[in-house]
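Chemist: My questions all concern the structure below.
The values are calculated or read from the model by the stated rules, or taken from the named source; none is laboratory data. Please read all numbers here as calculations on a predicted model, not as lab measurements. Here the Cβ positions follow ideal geometry from the backbone for every residue, glycine too, while neighbour counts run over all protein chains shown.
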Ligand code: ASP
């Protein structure tokens, strides 16, 4: 039978009312058999996500050797959820055990993972489903990457006898046998892993929005909703700051061509956005699919006459960054110039000086300059490759909004055009590009 894997994000798990909505969604479709949940998110503006409460527990634990004061807040959240749901569950014992284990493990990852663990325990009880601890079925390799072979096998075995099962998202077991988390928002990745392991027909990702919008609604009022986008477009947009879905979530499902559908827990009848392999992707005729931006990049600009004829020039520059362990975002280049764009966090303080010094020693440039506080804006869409004049329109829109492009990079697949602007021009630039292409 075709089956669906559903992941419910933090707002869908925020309180008893939200969890009741989740139960209704699951029970309205018998194909929704395997569920992955996040920790309870914010209930209102200014509220604190359970995962953030847990990071405070770890701070307290590191300072005092025990986290009881901070854990009291986590305790309150779960006790009130269980009370609201009115289920038979001895949550106090589960919380006591959890607190004990946090104090014993003394690990930031373990502590942070408990929001998902507790949420999944409660959801399993609410649904009368099997609880499968991700610690027992999601495995990382020595290098921190997912051990897909071992993980998929373990998940299939664990669900074999389950009519319905609930998994906590966000964590698994590291190569050292200890609980290890993905990066923040990583329950989306867990959902994709379960979908791949059980060969789901679809991976439904339930959030508090009715899908992907063509740009951030805090920047443009009522942006157009994207009905469907390809895995590649999703990756570009989510990497550049469209934060509906973790940018790594497509990797597990992409190999098996499993579509992802973004749905809204609080408006389940809304169509949502489908993220599809290119073979199933139906372009809706727009040139641009979406625009997203991210601030705080550093651009290192290197100039040297006859750079193009100096064999190994780029390799030598990049070897300096490799030595310093700095990952690179983009490398736009010209005949006698090249720039290296890196996330500013990667290259703070003395590291930047070391990199500059290293490049000077390695290639003896005529000029080396650093531009900080640069925002990168990605304009993404398969439609761009078949329409002439897209970049002209984009740069005209920027010029009319009086925004200077400090860097331009167009991927060779013509899937995206990336421009670097001053941080403070980021929102203005996204709005200008949006209005040019979407009216
Ligand atoms: N609870 C984790 C976080 O806040 C993971 C997730 O929500 O996906 O980052």
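Chemist: Just give me the residues in the range 231-246 being in a helix (DSSP H, G or I) and within 16 Å of the ligand (Cβ to nearest atom), in sequence order.
Modeler: Here is the first cut: in the range 231-246, the residues in a helix (DSSP H, G or I) are 231-239.
If the condition is that a residue be in a helix (DSSP H, G or I) and within 16 Å of the ligand (Cβ to nearest atom), then 238 is the only one that fits.
Chemist: If residue 131 passes every condition in (1) without any contact (Cβ under 8 Å) to a residue 40 or more places away in the chain; (2) more than 26 Å from the chain's Cα centre (by Cα) but one, which one does it miss?
Modeler: Of (1) without any contact (Cβ under 8 Å) to a residue 40 or more places away in the chain; (2) more than 26 Å from the chain's Cα centre (by Cα), only one is false for residue 131: (2).
Chemist: (1) away from the ligand (no atom under 16 Å from the Cβ); (2) touching a helix residue (DSSP H, G or I) at 6+ places or on another chain (Cβ under 9 Å): which one isn't true of residue 118, the others all being true?
Modeler: If we test residue 118 against (1) away from the ligand (no atom under 16 Å from the Cβ); (2) touching a helix residue (DSSP H, G or I) at 6+ places or on another chain (Cβ under 9 Å), just (1) comes out false.
Chemist: Please state which one of 48, 81 is out of contact with any strand residue (DSSP E or B) (no Cβ under 9 Å at 6 or more places or on another chain), away from the ligand (no atom under 14 Å from the Cβ) and under 13 Å from residue 115 (Cβ atoms).
Modeler: On the way: 48 fails: away from the ligand (no atom under 14 Å from the Cβ).
Answer to the check: 81.
Chemist: Hey, another quick one. I need the full set of residues from the range 249-262 which are over 15 Å from residue 3 (Cβ atoms), without any contact (Cβ under 8 Å) to a residue 60 or more places away in the chain and buried (at least 18 other Cβ atoms within 10 Å of the Cβ), in order please.
Modeler: 250, 254, 262
Chemist: Out of 398, 384, which single residue is modelled with pLDDT of 95 or more, closer than 30 Å to residue 243 by Cα, in a helix (DSSP H, G or I) and touching a strand residue (DSSP E or B) at 6+ places or on another chain (Cβ under 8 Å)? Step through it out loud before you land on a result.
Modeler: On the way: 384 fails: modelled with pLDDT of 95 or more.
So the residue among 398, 384 that is modelled with pLDDT of 95 or more, closer than 30 Å to residue 243 by Cα, in a helix (DSSP H, G or I) and touching a strand residue (DSSP E or B) at 6+ places or on another chain (Cβ under 8 Å) is 398.
Chemist: Of 170, 182, which residue is in contact with a helix residue (DSSP H, G or I) (Cβ under 9 Å, 6 or more places away or on another chain), in contact (Cβ under 8 Å) with a residue 12 or more places away in the chain, within 16 Å of the ligand (Cβ to nearest atom) and at positive phi? Don't jump to the end; show me each part of the working.
Modeler: On the way: 182 fails: at positive phi.
When all the criteria are applied, what remains is 170.
Chemist: Conditions first: (1) closer than 19 Å to residue 330 by Cβ; (2) touching a helix residue (DSSP H, G or I) at 6+ places or on another chain (Cβ under 7 Å). Residue 358 passes all but one, so which condition is the exception?
Modeler: For residue 358, the exception is condition (1).
Chemist: For the range 48-62, enumerate the residues that are without any contact (Cβ under 8 Å) to a residue 24 or more places away in the chain and under 11 Å from residue 73 (Cβ atoms).
Modeler: The answer is 52, 56, 60.
Chemist: How about the range 191-230: which of its residues are outside any strand (DSSP E or B), within 13 Å of the ligand (Cβ to nearest atom) and either touching a residue at least 60 places away in the same chain (Cβ under 8 Å) or surrounded by fewer than 21 Cβ atoms within 10 Å (Cβ to Cβ) (or both)?
Modeler: Initially, the range 191-230 is screened for residues outside any strand (DSSP E or B), giving 191-201, 208-212, 214-224, 226-227.
Then keep just the ones that are within 13 Å of the ligand (Cβ to nearest atom); that gives 191-193, 208.
Once the filter is applied, which keeps residues that are outside any strand (DSSP E or B), within 13 Å of the ligand (Cβ to nearest atom) and either touching a residue at least 60 places away in the same chain (Cβ under 8 Å) or surrounded by fewer than 21 Cβ atoms within 10 Å (Cβ to Cβ) (or both), the range 191-230 yields 191, 192, 208.
Chemist: Looking at (1) surrounded by fewer than 21 Cβ atoms within 10 Å (Cβ to Cβ); (2) modelled with pLDDT of 90 or more, find the lone condition where residue 239 falls short.
Modeler: Among (1) surrounded by fewer than 21 Cβ atoms within 10 Å (Cβ to Cβ); (2) modelled with pLDDT of 90 or more, the lone unmet condition for residue 239 is (2).
Chemist: So residue 433 fits all but one of (1) part of a helix (DSSP H, G or I); (2) out of contact with any strand residue (DSSP E or B) (no Cβ under 6 Å at 6 or more places or on another chain); what number is the exception?
Modeler: With (1) part of a helix (DSSP H, G or I); (2) out of contact with any strand residue (DSSP E or B) (no Cβ under 6 Å at 6 or more places or on another chain) applied to residue 433, the lone miss is (2).
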